[in-house]
1. How many residues, within the range 151-177, are touching a helix residue (DSSP H, G or I) at 6+ places or on another chain (Cβ under 8 Å) and open to solvent by less than 60 Å² (accessible area, probe 1.4 Å)?
2. So for the range 41-55 (the condition being within 18 Å of the chain's Cα centre (by Cα), open to solvent by less than 40 Å² (accessible area, probe 1.4 Å) and among the hydroxyl-bearing types (Ser, Thr, Tyr)), does at least one residue qualify?
3. Is the range 115-122 home to any residue that is open to solvent by less than 20 Å² (accessible area, probe 1.4 Å), at pLDDT 90 or above and either touching a helix residue (DSSP H, G or I) at 6+ places or on another chain (Cβ under 6 Å) or not in a helix (DSSP H, G or I) (or both)?
4. What's the total number of residues in the range 88-108 that are part of a loop (DSSP other than H, G, I, E, B) and surrounded by 18 or more Cβ atoms within 10 Å (Cβ to Cβ)?
5. Of all residues in the range 1-33, which are in a helix (DSSP H, G or I) and over 13 Å from residue 58 (Cβ atoms)?
6. Scan the range 13-20 and tell me whether some residue there is open to solvent by 50 Å² or more (accessible area, probe 1.4 Å), under 19 Å from residue 224 (Cα atoms), polar (S, T, N, Q) and under 18 Å from the mean Cα position of the chain (by Cα).
7. Being within 19 Å of the chain's Cα centre (by Cα) and without any contact (Cβ under 8 Å) to a residue 24 or more places away in the chain is the filter here, so list the residues in the range 172-224 that pass it.
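The values are calculated or read from the model by the stated rules, or taken from the named source; none is laboratory data. Note that the coordinates shown come from a computational prediction; the quantities given were computed from them, not determined experimentally. Positions of Cβ are backbone-derived with ideal geometry, glycine not excepted, and every protein chain shown enters the neighbour counts. Note: accessible area is taken over every heavy atom of the protein model, side chains too, but ligands, DNA and RNA are not part of it. Shrake-Rupley method; radii C 1.70, N 1.55, O 1.52, S 1.80 Å.
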Amino acid sequence: MSELKRYTVWDAGTRWFHWINVLCVTALAAVGLVILNDGGLGVSNAGKVALKTVHTWVGYVFVLNLLWRIVWGFWGNRYARWRSILPGGRGYFQALRRNVAAFFTSQPEQYLGHNPIGRLSVTAMLLLLAVQAITGLVLAGTDLFYPPIGHWIAQWVATPGVAPDSLVPYSPEMYDAAAYEAMRAYRKPIVAVHLYSFYILTAIVILHVAAVIITELRESGAIISAMFTGQKVISGRPMDEESDNSD
């Protein structure tokens, strides 16, 4: 039986991003689903504003955390950097074919960082998180007149004689009817992108969690605990091992 070795893989910056992101996405999904079904739940206009306000403030934390991860992809350790996350590079597609074939055998390949399949999954999730962030910031402006574009939206829809900075949500008497309808038309495709990218993200997250659990059971590499401790325990030689990485 191969000797077990402990490797330091995920640095603190990566681990903090991961768990803050998990908390934010969970909270955003929960509040978002209530907002999506507010009519059936009988939520009042004041309740809608409260829900959207909570959703937006959690969204700001989510966006800042995502920006942190983008920056950390240039400054973090080897496994946190973009060259170890994004699919591509010399030999990647050959490694991907080998990784897919090995997944269905009794001897799957072991990696310290993301394996070639995992890199596809993580890249897809990060792209969808970015779409959620961008569209969410736009909707914070159209629905609540919140930054970063809320001031311009308010200037667009305010009826003559009403100060844009004084606008409040769900107050049609403060809006120019034609401008408000034009803003709603602008908002409509953004809502669709925000909603359907959320559905796709949810499906990928479910597949990601399932893959992590399956890999944990098959390879016993402490994948789940590694996101708490930063360390993986590997039997045999990992495909991406560096000579100075084991403890």
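1. Just the residues of the range 151-177 that are touching a helix residue (DSSP H, G or I) at 6+ places or on another chain (Cβ under 8 Å), to begin with: 151-159, 162, 164-170, 172, 174-176.
Filter again for open to solvent by less than 60 Å² (accessible area, probe 1.4 Å), leaving 153-154, 157-159, 162, 164, 166-167, 169, 174-176.
Residues in the range 151-177 being touching a helix residue (DSSP H, G or I) at 6+ places or on another chain (Cβ under 8 Å) and open to solvent by less than 60 Å² (accessible area, probe 1.4 Å): 13 in total.
2. Among the residues of the range 41-55, not one is within 18 Å of the chain's Cα centre (by Cα), open to solvent by less than 40 Å² (accessible area, probe 1.4 Å) and among the hydroxyl-bearing types (Ser, Thr, Tyr), which makes the answer no.
3. yes
4. First, the residues of the range 88-108 that are part of a loop (DSSP other than H, G, I, E, B): 88-91, 104-108.
Next, from what is left, pick out any that are surrounded by 18 or more Cβ atoms within 10 Å (Cβ to Cβ): none.
Qualifying residue count, the range 88-108: 0.
5. Going through the range 1-33, the residues in a helix (DSSP H, G or I) turn out to be 12-33.
Correct list: 12, 13, 14, 15, 16, 17, 18, 19, 33.
6. Filtering the range 13-20 for residues open to solvent by 50 Å² or more (accessible area, probe 1.4 Å) gives 15-16, 18-20.
From what is left, the residues that are under 19 Å from residue 224 (Cα atoms) are 15-16, 18-20.
Then drop every residue that is not polar (S, T, N, Q), which leaves none.
Checked against the condition, which is being open to solvent by 50 Å² or more (accessible area, probe 1.4 Å), under 19 Å from residue 224 (Cα atoms), polar (S, T, N, Q) and under 18 Å from the mean Cα position of the chain (by Cα), the range 13-20 yields no hits at all.
7. In the first step, residues of the range 172-224 are kept if they are within 19 Å of the chain's Cα centre (by Cα); the result is 190-212, 224.
Correct list: 192, 196, 199, 203, 206, 209, 210, 212, 224.
Here's the yes/no breakdown for (1) at pLDDT 95 or above; (2) not in a loop (DSSP other than H, G, I, E, B):
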| site | (1), (2) |
| --- | --- |
| 128 | yes, yes |
| 138 | yes, yes |
| 169 | yes, no |
| 187 | yes, yes |
| 191 | yes, yes |
| 198 | yes, yes |
| 202 | yes, yes |
| 212 | no, yes |
